[in-house]
Amino acid sequence: MGSGKTSVGRLVAKRTAWPYVDNDEILLELVGKTPRELLSEDGETALRQSESAALRLGLATPEPSIVSAAGGTILDPQNRRNMREAGLVVWLNASPATIEQRATGAVHRAWLNTGGLSGFAMPWRSGILCTHRLRTSSWMWTVDHPGTWPATF
């Protein structure tokens, strides 16, 4: 969320002429709700299950392709295995400040509203962000966010 997956994914797809599929767009097609709506109306379990289903569909896109996975999908070990088995996996690493700046107030973000990261309890902020960082050890490539992807990509 907010690391630049969609921006970078679309740029790579444009440069390679490969198809681009976005986890959030697939999720919307599957359940007719944005991640934020799904979280608000049906809860986190429903969101995670739907994101995983969307990821499986995205990974089934014929190769070569660019698949942007929802940030929470990496919390599930099976999703991580599926991504590694599907091909090259790149982790876009962004600081909490960058994520907050890019994601706060975006209507499609499931976790951040206009209150930003400070609007959420510290255990969520530190727990999820630290969990994501620990998961990066399973990625084949890690790219640190420079602050503005399109200008530097």
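For segment 73-97, what are the residues that are free of Cβ contacts under 8 Å to residues at least 40 places away in the same chain, surrounded by 20 or more Cβ atoms within 10 Å (Cβ to Cβ) and closer than 18 Å to THR6 by Cα?
Residue satisfying the conditions is MET83 alone.
Within segment 41-67, the residues that satisfy the criterion of being under 17 Å from VAL12 (Cα atoms) and not in a helix (DSSP H, G or I) are THR61, PRO62, GLU63, PRO64, SER65, ILE66, VAL67.
To keep it simple, each residue is scored yes or no on (1) surrounded by 20 or more Cβ atoms within 10 Å (Cβ to Cβ); (2) over 21 Å from GLU63 (Cβ atoms).
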{"site": "THR6", "(1), (2)": "no, no"}
{"site": "LEU11", "(1), (2)": "no, no"}
{"site": "LYS14", "(1), (2)": "no, no"}
{"site": "ALA17", "(1), (2)": "no, no"}
{"site": "ASN23", "(1), (2)": "yes, no"}
{"site": "LEU30", "(1), (2)": "no, yes"}
{"site": "ARG36", "(1), (2)": "no, yes"}
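Among the residues of segment 2-56, just one is among the aliphatic types (A, V, I, L, M) and on the phi > 0 side of the Ramachandran plot, namely ALA17.
Which residue is nearest to PRO19 (Cα to Cα), if the candidates are limited to segment 68-91 and must be part of a strand (DSSP E or B) and either among the acidic types (Asp, Glu) or under 10 Å from the mean Cα position of the chain (by Cα) (or both)? Break it down into steps so the answer makes sense when it comes.
From segment 68-91, those part of a strand (DSSP E or B) are 68, 90-91; that's our starting set.
Narrowing the set further to residues that are either among the acidic types (Asp, Glu) or under 10 Å from the mean Cα position of the chain (by Cα) (or both) leaves 68, 91.
Working: SER68: 11, TRP91: 19 Å.
Among those that are part of a strand (DSSP E or B) and either among the acidic types (Asp, Glu) or under 10 Å from the mean Cα position of the chain (by Cα) (or both), it is SER68.
Tell me, please, whether a residue that is assigned to a helix (DSSP H, G or I) and small (Gly, Ala, Ser) can be found in segment 28-38. For segment 28-38, residues assigned to a helix (DSSP H, G or I) and small (Gly, Ala, Ser): absent.
We did not get these values from a lab; they are worked out from the coordinates using the rules stated. Everything numeric in this text was worked out from a predicted model, so none of it was measured. Ideal geometry is used to build each Cβ from the backbone, glycine not excepted, and the neighbour counts take in all protein chains shown.
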